[in-house]
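Here the structure is laid out as structure tokens; the discussion comes afterwards.
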Amino acid sequence: AVKVTEYDNNSCKEFYKRFYTEITSNKDPYFAVYDFDYEKPGEGRQNKIIFISWIPANANIQDKTISAVSKEVLKTKLDISFQIEGTEANDIEFETVLDKVLKT
């Protein structure tokens, strides 16, 4: 696990973009528990632990099936309260995730 220890909006965003590039670069499903740092207008710096499920549309059917079942088990075991699900790359882009987090 890697965590950005110095808070800087740009470094957090750049770290997330590296993470995003890594998981979207092939057709393998991934799960991640991610400590998402962000700035909420009027409320300052915040973070939210999010569960990211990446099951790309172009993954093979067996991987999709196994991942769907595994996702439910992980969510239950980890007691996840906020999740992001992605099948297309734009579903898990930084700006998309930030928008969803800011609405909570």
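The values are calculated or read from the model by the stated rules, or taken from the named source; none is laboratory data. Here the structure is a predicted model, which is why all the values come from computation and not from measurement. Counting neighbours? That spans all protein chains shown, and the Cβs are built from the backbone with ideal geometry, glycine included. Areas reflect the complete protein model, heavy atoms only, side chains present, ligands, DNA and RNA absent. Shrake-Rupley method; radii C 1.70, N 1.55, O 1.52, S 1.80 Å.
Structure data summary
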item	result
Condition broken by Y7, with the remaining ones in (1) surrounded by fewer than 17 Cβ atoms within 10 Å (Cβ to Cβ); (2) of a type in the set (F, W, Y); (3) modelled with pLDDT of 85 or more satisfied	(3)
Qualifying residue in the stretch 30-41 (condition: of a type outside the set (V, I, T) and assigned to a loop (DSSP other than H, G, I, E, B))	yes
Selection from the stretch 38-67 of residues that are under 12 Å from the mean Cα position of the chain (by Cα) and charged (D, E, K, R)	K48
Criterion violated by I50 - all others in (1) of a type in the set (A, V, I, L, M); (2) open to solvent by 80 Å² or more (accessible area, probe 1.4 Å); (3) part of a strand (DSSP E or B) satisfied	(2)
Residue in the stretch 24-47 that is aliphatic (A, V, I, L, M), surrounded by 16 or more Cβ atoms within 10 Å (Cβ to Cβ) and in contact (Cβ under 8 Å) with a residue 12 or more places away in the chain present	no
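Okay, residues lined up against (1) out of contact with any Gly (no Cβ under 6 Å at 6 or more places or on another chain); (2) open to solvent by less than 90 Å² (accessible area, probe 1.4 Å); (3) outside any loop (DSSP other than H, G, I, E, B); (4) farther than 17 Å from E22 by Cα:
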site: P56; (1), (2), (3), (4): yes, yes, no, no
site: A59; (1), (2), (3), (4): yes, yes, no, no
site: D63; (1), (2), (3), (4): yes, yes, yes, yes
site: A68; (1), (2), (3), (4): yes, yes, yes, yes
site: K71; (1), (2), (3), (4): yes, yes, yes, yes
site: K75; (1), (2), (3), (4): yes, yes, yes, yes
site: S81; (1), (2), (3), (4): yes, no, no, yes
site: D91; (1), (2), (3), (4): yes, yes, yes, no
site: L98; (1), (2), (3), (4): yes, yes, yes, yes
